[in-house]
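Peer 1: First the structure, then my questions, so here it is.
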Amino acid sequence: MQPTTEPDPFEEFNRAMGAGRIQDPYPNLAERRREAPVSPADIRALMGLAADADLGDFGDMPPVFTAYSFEAVQQCLRDGETFSSSGYAPVMGEVFGHSILEMDEPEHHHYRSLIQQAFSRKAMERWESDVVGPVVDAHIDEFVDEGRADLVRQLTFPFPVTVIGHMLGLPYDDLAQFHRWAVELISVSIDYEKAVRASKLLYDYFKGIIDERRVAPAEDLISVLALAELHEGGERHRLNDDEIIAFLRLLLPAGAETTYRSSSNLLTGLLTHPDQLDAVRADRSLLPQAIEEALRWEAPLLLIQRLATRDTELCGVAIPEGAVVAVAVGSANHDETRWDRPDEFDIFREPQQHLAFAFGPHMCLGMHLARMETTVVMNRVFDRLPEVRVDPDAPPPHITGMTFRSPPTLPVVWG
Ligand code: HEM
């Protein structure tokens, strides 16, 4: 069975996230940054209510602030003690389980270090030749003779989930189902019931595989986790099923949804800027800077979240204990005090750190994998789809979405 190319939950998720409609949040974010690096969100204004309207149940909601500037976002993400990740627990934790995403130090460090090795730059060499290259080739094989394709549907959407499935050692035939559950899982804010159901189904599915790996370990990530020993307060213990499954549930949405979007965004940037496309095609040493520029220009994930653990200050703005901080990494990446013409895609910029992978203790665990996957997919596209260009008979591609951003389709022709 092939990975699905009819991802209904995916479409639903995309629609709910605002994909399809052409949306550009960047002018509005620029205006917010001009006003202040950090500002309180006006719940009444967000809900379209009058300034003195009674908020009813929403009156009990914690205050919400948004960090817009590069400095504010970096400062917030660097200080995990003041700006905790535990705010993910009430919603995301319900479906992922207690994963590293919602842990604070020192617990976070204990768990993250168990798996860090498997995602190191060094480890990527093996995954590249054994898994990513063959997976990308297999997807391209299916359409290469046709002379045209939708690169989102046929390549960037399905390949990262196939890669993770292989890294976990899952049977190929399970991948389509696995991807559907993963999309349902992250659609938790749209359909809670469905997300909880997917979470339970994934639990049972993974439980069976973990039991097998405990008896007969293989060369995959589930075996690494099944055998890993946690050292905490002088004690050592094997990870239990809940701990392993929380990690596995997180990995799929964290790794597949984001990488598919970042590869699609880079392709969009290049295909809509043919001079830059030609430059990279002719000189592949430009690829790393093109990948970073696409991540800066259109971060797949615009917004993450933290919770203030004490009264504090962020870029001069007082934040009370208990406040939610919406951390706009996409806005930070367009901070005009750091980048000229920030809304433009330009692979020839001076390289500077961006925040698409976040920063600090929770900085993306899979960033080397994501960069390697994107490198492989771009090289294969250049090598196997000669003179690839936007399909002149289709509407021009556009990146859309308010939290998750990528193009819904990417019709191209070649040859
Ligand atoms: C371009 C692709 C990617 C982007 C833009 C991205 C972005 C991010 C961001 C912003 C965070 C921080 C979330 C937070 O603290 O609130 C994060 C964390 C994480 N990412 Fe990625 N990610 C990408 C690819 C991947 C891949 C391929 C994997 C693994 C297969 C992965 C696994 C993780 C994990 C496990 C965490 C949690 C780390 C922790 O809490 O310590 N990501 N990612």
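Peer 1: Taking the Cβ of residue 244 as the center, what net charge do the other residues with Cβ under 12 Å away carry, scoring Lys and Arg +1 and Asp and Glu -1?
Peer 2: +1
Peer 1: Using the charge dipole of the chain (Lys, Arg: +1 at Cβ; Asp, Glu: -1 at Cβ; taken about the Cα centre), state which of 288, 28, 237 has its Cα farthest towards the positive end.
Peer 2: Toward the positive end, the furthest listed residue is 288.
Peer 1: Right, another one. Probe of 1.4 angstrom, ligands and nucleic acids ignored: what's the accessible area per residue over the chain, in square angstrom? Walk me through the intermediate numbers first.
Peer 2: Working: 18280 Å² over 415 residues.
Counting only protein heavy atoms, the per-residue value for the chain is 44 Å².
Peer 1: Can you grab the distance from the C-alpha centre of region 248-282 to the C-alpha centre of region 331-359, Å, no decimals?
Peer 2: Answer, in whole Å: 16.
Peer 1: Count the net charge of all other residues whose Cβ sits under 13 Å from the Cβ of residue 68, scoring Lys and Arg as +1 and Asp and Glu as -1.
Peer 2: The answer is -1.
Peer 1: If you roll a 1.4 angstrom probe over the protein chains with everything in place, what fraction of the accessible area of region 284-378 belongs to carbon and sulfur, to the nearest %?
Peer 2: 55
Peer 1: Still on this structure, please answer the following. Measure off, as a whole percent, the carbon and sulfur share of the 1.4 Å-probe accessible area of region 66-208, all protein chains present.
Peer 2: 52
Peer 1: Take the Cβ-Cβ distance between residue 113 and residue 403 as r, set R0 to 25 Å, and report the resulting FRET efficiency rounded to the nearest 0.05.
Peer 2: My answer for the efficiency is 0.25.
Peer 1: Which one, 253, 201, 320, is farthest towards the positive end of the dipole of the chain when Lys and Arg carry +1 and Asp and Glu -1 on their Cβ?
Peer 2: It is 253, whose Cα lies furthest towards the positive end.
Peer 1: If I stretch the segment between residue 235 and residue 367 completely, what's the gain in nm (0.36 nm per residue apart, minus their alpha carbon distance), one decimal? Display every interim value, and only then the final one.
Peer 2: Numbers: separation 132, 0.36 × 132 = 47.52 nm, distance 3.07 nm.
Stretched out fully, the residue 235 to residue 367 stretch lengthens by 44.5 nm.
Peer 1: Still on this model: Could you name the aspartates and glutamates whose alpha carbon sits less than 15 Å from that of residue 200, not counting residues in the same chain fewer than 8 places away?
Peer 2: Cα-Cα hits under 15 Å: 94, 184, 191, 241, 242, 243.
Peer 1: Could I ask something else about it? Could you tell me the calculated FRET efficiency between residue 31 and residue 284, based on Cβ-Cβ distance and R0 = 51 angstrom, to the nearest 0.05?
Peer 2: Here the calculated transfer efficiency is 0.85.
The values are calculated or read from the model by the stated rules, or taken from the named source; none is laboratory data. Keep in mind the model is a prediction, meaning the values are calculated, not measured. Virtual Cβ from ideal backbone geometry, glycine too; neighbours counted across all protein chains shown. What goes into the accessible areas is simple: the full protein's heavy atoms, side chains included, and nothing from ligands, DNA or RNA. Shrake-Rupley method; radii C 1.70, N 1.55, O 1.52, S 1.80 Å.
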